[in-house]
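A.B. asks: Mind looking over this structure? Questions follow.
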Amino acid sequence: MVFSKRKMKQFLAFGVTIVLVICLYKSWGSPTNGISHYAYDDGDNGVIGAEDNAAIDQENRQVGPSPERLVLSLADRNGQKHPNTIDGASNEAATGPQAVLHDVERVLTQSKPQQRPLRKGRLVTGGFQNRHHEQTHNGLELDDADRESRLNELHEAKRQILELERKIQELEGRIPRKYPDVTFLNYKNRKRILITGGAGFVGSHLVDYLMMQGHEVIVADNFFTGRKRNVEHWLGHENFELIHHDIVNPLFIEVDEIYHLASPASPPHYMYNPVKTIKTNTLGTINVLGLAKRVGAKVLIASTSEVYGDPDVHPQPETYWGHVNPIGPRACYDEGKRVSETLSYAYAKQEKVNVRVARIFNTYGPRMHMNDGRVVSNFIIQALQNQSITIYGSGRQTRSFQYVSDLVDGLVSLMASNYTQPVNLGNPVERTIQEFAEIIRDLVGCKSKIIELPAVEDDPQRRKPDISRAKKNINWEPRVPLQEGLMKTIDYFRKELARSNHSQRNIFVPETTEFRSLL
């Protein structure tokens, strides 16, 4: 009986040992079973994010079960502490369950130095604070790196924007430019017309008129006072050609008509280089007349009312010979134009060149040079900038002002006519300089004062054309009212003063035939 009881105790102890071994084996092979609630807090996503559980399980499978899992799996699976003895037989049971527990403690002791902290699931006691400190430190480093990354992104974005702008400009350059709808002329009616000084104030408006009529226009200009901006709206057109050329040098081209407008026309410009002014009006005229002789072209010489000087006859007819100081400061222009007229009629008499001579009086309008020192441009600029309007002399000098479109109509009409004698082209309405300054001040709407400065040497006191010859022979007279022309000119100067870059292009809006007829 005793033997059987002892055998039974041993058998029971052996069975308990087997159960413990099986439990240990299952716990070791299945790390997901019996997860420690001390190591993982399933209810706190701040400690362990739900998305990180899978990664943690994968890591735990690779490194094996933690000691906490071993201990807790035993407690969870048995549901209670295992007794050390069965029926008080402590010695016999010591070799069974106690030995297994001893092995578990030994495993825990050996595994402590090799325990490594989990990536996110740290022990609740102290681990959360360490993790928070580590994240704060890493966050500062990430801020610096993030800032540098964003700066690099901004630089890259700016570079790409500049590259896109360059490509857009390149593509825009490939797009055919839109030009005003010019009249189509066949080869019999279309003329090849040369305009010397065609990039200047009057020349550019003449270019517009002839281009709209459907002719082929060639502009030769050295850009002393002319500007490419005045004719930029025609660049690239099949009927337009721009040549950078000084007419003092010979020009060899084939043309049907020539408008010789090349010469500085304002006192500051032609006094700047008087020798060059004389050459342009003498050698330049010789070259133009020689070209007309070679190709059989009709030529119009743009003369000036300055050939009358300070006149003794008022108003000035074309038959008046003038009153000019040949050695005064204005002589380079006055006498240069007088020689130009002399050369024209010498070529007409000797070489049978078909010539026309237009004596142009004071003209104003858009595209005037802002610093040309003329009355209109000076007064408008000073009024727009609220500066004092300066008058040289007493202000009782008289001038007659015509709008540029009227002058262009007169030039074209004279070229088309058969009349070969000089013709005055100007406005017969005479106004004093003082009155003109007051009109501009009122149109601008400023409160500029009008002040008087010392008179300029050889400044003509009276200037008024007799246009009876123009009315009779070319059926011409000015039509644009002074107020209307001045408003267009003031608007042009206001835009020019506000312009800040080259991208603001000159926009040409042609006037229709009906509009001109209405005027």
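A.B. asks: Going residue by residue through region 391-402, is there one that turns out to be part of a helix (DSSP H, G or I) and either aliphatic (A, V, I, L, M) or over 31 Å from the mean Cα position of the chain (by Cα) (or both)?
C.D. replies: Among the residues of region 391-402, not one is part of a helix (DSSP H, G or I) and either aliphatic (A, V, I, L, M) or over 31 Å from the mean Cα position of the chain (by Cα) (or both), which makes the answer no.
A.B. asks: Still on this model: Is it true that residue 359 is more than 19 Å from residue 258 (Cα to Cα) and either assigned to a strand (DSSP E or B) or in contact with a helix residue (DSSP H, G or I) (Cβ under 9 Å, 6 or more places away or on another chain) (or both)?
C.D. replies: no
A.B. asks: Another question, if that's okay. Those residues that are of a type in the set (Lys, Arg) and more than 16 Å from residue 492 (Cβ to Cβ), I need them from region 340-396; list them, please.
C.D. replies: Answer for region 340-396, where residues must be of a type in the set (Lys, Arg) and more than 16 Å from residue 492 (Cβ to Cβ): 349, 352, 356, 359, 396.
A.B. asks: Does any residue of region 398-414 turn out to be in contact with a Lys or Arg (Cβ under 8 Å, 6 or more places away or on another chain), over 25 Å from residue 323 (Cβ atoms) and surrounded by fewer than 16 Cβ atoms within 10 Å (Cβ to Cβ)?
C.D. replies: Scanning region 398-414 turns up no residue that is in contact with a Lys or Arg (Cβ under 8 Å, 6 or more places away or on another chain), over 25 Å from residue 323 (Cβ atoms) and surrounded by fewer than 16 Cβ atoms within 10 Å (Cβ to Cβ).
A.B. asks: Mind telling me which of the residues 433, 389 ends up being open to solvent by less than 40 Å² (accessible area, probe 1.4 Å), closer than 24 Å to residue 309 by Cβ, modelled with pLDDT under 95 and not hydroxyl-bearing (Ser, Thr, Tyr)?
C.D. replies: Just one listed residue meets the conditions, 433.
A.B. asks: Among the residues of region 466-486, which ones are modelled with pLDDT of 95 or more, in a helix (DSSP H, G or I) and open to solvent by 20 Å² or more (accessible area, probe 1.4 Å)?
C.D. replies: Correct list: 468, 469, 471, 472, 473.
A.B. asks: Here are some conditions: (1) open to solvent by 50 Å² or more (accessible area, probe 1.4 Å); (2) among the charged types (D, E, K, R); (3) in contact (Cβ under 8 Å) with a residue 12 or more places away in the chain. Residue 372 meets all but one. Which one does it not meet?
C.D. replies: All conditions pass for residue 372, except number (1).
A.B. asks: So, in region 446-455, how many residues would count as being exposed (fewer than 13 other Cβ atoms within 10 Å of the Cβ) and either on the phi > 0 side of the Ramachandran plot or in a loop (DSSP other than H, G, I, E, B) (or both)?
C.D. replies: Residues flagged as exposed (fewer than 13 other Cβ atoms within 10 Å of the Cβ) and either on the phi > 0 side of the Ramachandran plot or in a loop (DSSP other than H, G, I, E, B) (or both) within region 446-455 amount to 3.
A.B. asks: Quick one: which of 427, 418, 354, 371 is within 42 Å of the chain's Cα centre (by Cα) and at pLDDT 90 or above?
C.D. replies: Step by step, each of 427, 418, 354, 371 is checked, and only 427 is within 42 Å of the chain's Cα centre (by Cα) and at pLDDT 90 or above.
A.B. asks: Right, another one. Could you pull out the residue among 463, 505 that is under 24 Å from residue 357 (Cα atoms) and either at pLDDT below 90 or buried (at least 16 other Cβ atoms within 10 Å of the Cβ) (or both)?
C.D. replies: Answer to the check: 463.
A.B. asks: Separate question: Could you list all residues from region 305-352 that are closer than 26 Å to residue 255 by Cα, surrounded by 17 or more Cβ atoms within 10 Å (Cβ to Cβ) and without any contact (Cβ under 8 Å) to a residue 40 or more places away in the chain?
C.D. replies: Listed by number, the list holds a single entry, 338.
The values are calculated or read from the model by the stated rules, or taken from the named source; none is laboratory data. In this text, all values refer to a predicted model and were calculated from it rather than measured experimentally. Please note: Cβ atoms are built from the backbone with ideal geometry, for glycine as well, and neighbour counts cover all protein chains shown. These accessible areas exclude ligands, DNA and RNA; they are computed on the full protein's heavy atoms, side chains included. Shrake-Rupley method; radii C 1.70, N 1.55, O 1.52, S 1.80 Å.
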